[in-house]
Amino acid sequence: MSATTVAAAPPMTYGSYLALDKILDAQDPRTDAHEELLFIIVHQAHELWFKQILAEFALLRRSLVDGDTARAQHALHRAAVILRVVIGHLDVLETMTPGQFSAFRHALDGSGFQSAQFREIEAALGRRDDEVLRRYPPGSERARLEIAMNTPSVFDSYLSYLVLNGYRIPPEVRDRDVSKPLEESEGLEAALRAVYEENGLAARLAEGLLDIDQLLQEWRYRHVTMVTRTIGGKAGTGGTSGAAYLRAGLFNPMFPYLWTVRN
């Protein structure tokens with residue numbers, strides 16, 4: 001009986017490892033407008049970076065709970081660098097004039113506010129908003145957001161880190177229902193004041209969290225100014241009110257306690 005010949009697997013190449021055949025075939029413009037390809041690529045790049053940011057936040061949470069300061073600092077730093085890259089992508093979109101955008105805007109059914117990954121980033125940082133869930137029909141995206149909103153946030157993990165390092169976090173904060181927004185607590189404010197007064201590793205981590213918060217606010221500001229520059233006061237795609245919708249989200253910090261402790 002002759003041995004069965006097994007075909008050798010094709011050698012791995014740069015293109016096959018990165019699945020470039022799938023990535024480079026993932027753009028499907030609906031019009032002949034030259035700028036539509038640019039619009040698609042920038043938003044796809046955003047989503048790829050959002051995926052990596054979520055991976056960094058997952059590592060950050062594990063590191064904080066484990067008390068691994070060095071690894072937590074590294075995850076915070078990388079997430080901040082990626083956010084700066086994402087903000088920089090808006091420079092590319094701003095090369096598109098209002099007329100160039102209008103040439104294909106009529107073919108768009110969705111809006112960036114529907115990005116489930118961006119909402120997952122907000123949930124990972126502590127946002128708890130049932131209204132967000134109602135914007136997504138039952139399915140995988142909504143299920144992911146529900147999981148994110150029922151998982152301890154980055155700030156919850158930071159509080160666990162503080163407990164490990166001897167800071168007194170009130171039980172009602174430490175053992176709270178993480179699916180609910182964090183409520184005001186004088187005991188938590190006192191603990192954060194102690195963190196900053198000691199000015200040690202815990203304070204450095206807090207400043208790293210503020211870097212993320214500040215960059216998200218910068219992203220929102222740059223986004224709303226770009227939209228205003230491109231479509232003015234017109235209604236947005238996907239049923240939003242355009243720049244007015246985005247402007248309503250400005251200056252809403254993810255870590256309000258880390259800002260108020262400065263008072």
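Answer yes or no as to whether Thr13 is modelled with pLDDT under 95 and out of contact with any helix residue (DSSP H, G or I) (no Cβ under 8 Å at 6 or more places or on another chain). Taking the combined requirement at face value, the residue does not satisfy it. Residue count for region 128-162 satisfying the condition of being within 15 Å of Arg176 (Cα to Cα) and surrounded by fewer than 20 Cβ atoms within 10 Å (Cβ to Cβ): 6. Checked against the criteria, Leu215 does not count as touching a helix residue (DSSP H, G or I) at 6+ places or on another chain (Cβ under 6 Å), assigned to a helix (DSSP H, G or I) and under 20 Å from Tyr161 (Cα atoms).
Inspect region 207-222 for any residue being at pLDDT 95 or above, polar (S, T, N, Q), within 13 Å of Gly126 (Cβ to Cβ) and surrounded by fewer than 20 Cβ atoms within 10 Å (Cβ to Cβ) and give the result as yes or no. No.
If we scan region 141-164, do we find a residue that is basic (Lys, Arg) and not in a loop (DSSP other than H, G, I, E, B)? Within region 141-164 (the criterion being basic (Lys, Arg) and not in a loop (DSSP other than H, G, I, E, B)), the answer is yes, since at least one residue qualifies.
Summed over region 89-130, residues that are under 18 Å from the mean Cα position of the chain (by Cα) and hydroxyl-bearing (Ser, Thr, Tyr) total 2. Out of curiosity, is Glu56 under 17 Å from the mean Cα position of the chain (by Cα) and touching a residue at least 60 places away in the same chain (Cβ under 8 Å)? The answer is no for Glu56.
Would it be correct to say that Leu48 is touching a helix residue (DSSP H, G or I) at 6+ places or on another chain (Cβ under 8 Å), hydrophobic (A, V, I, L, M, F, W, C) and part of a helix (DSSP H, G or I)? So Leu48 fails the test. Every test in (1) touching a residue at least 60 places away in the same chain (Cβ under 8 Å); (2) in a helix (DSSP H, G or I); (3) buried (at least 17 other Cβ atoms within 10 Å of the Cβ) is passed by His77 save one, and that test is (3). Does Glu47 count as among the acidic types (Asp, Glu) and either in contact with a Lys or Arg (Cβ under 8 Å, 6 or more places away or on another chain) or at pLDDT below 95 (or both)? No: the conditions fail for Glu47. When residues of region 109-140 are filtered for being within 15 Å of Ala58 (Cα to Cα), assigned to a helix (DSSP H, G or I) and hydrophobic (A, V, I, L, M, F, W, C), how many remain? Adding up the residues that qualify gives 4.
The values are calculated or read from the model by the stated rules, or taken from the named source; none is laboratory data. It should be emphasised that the depicted structure is a prediction, and the values quoted were computed from it without experimental measurement. With ideal geometry, Cβ positions are generated from the backbone for all residues, glycine too; neighbour counts draw on all protein chains shown.
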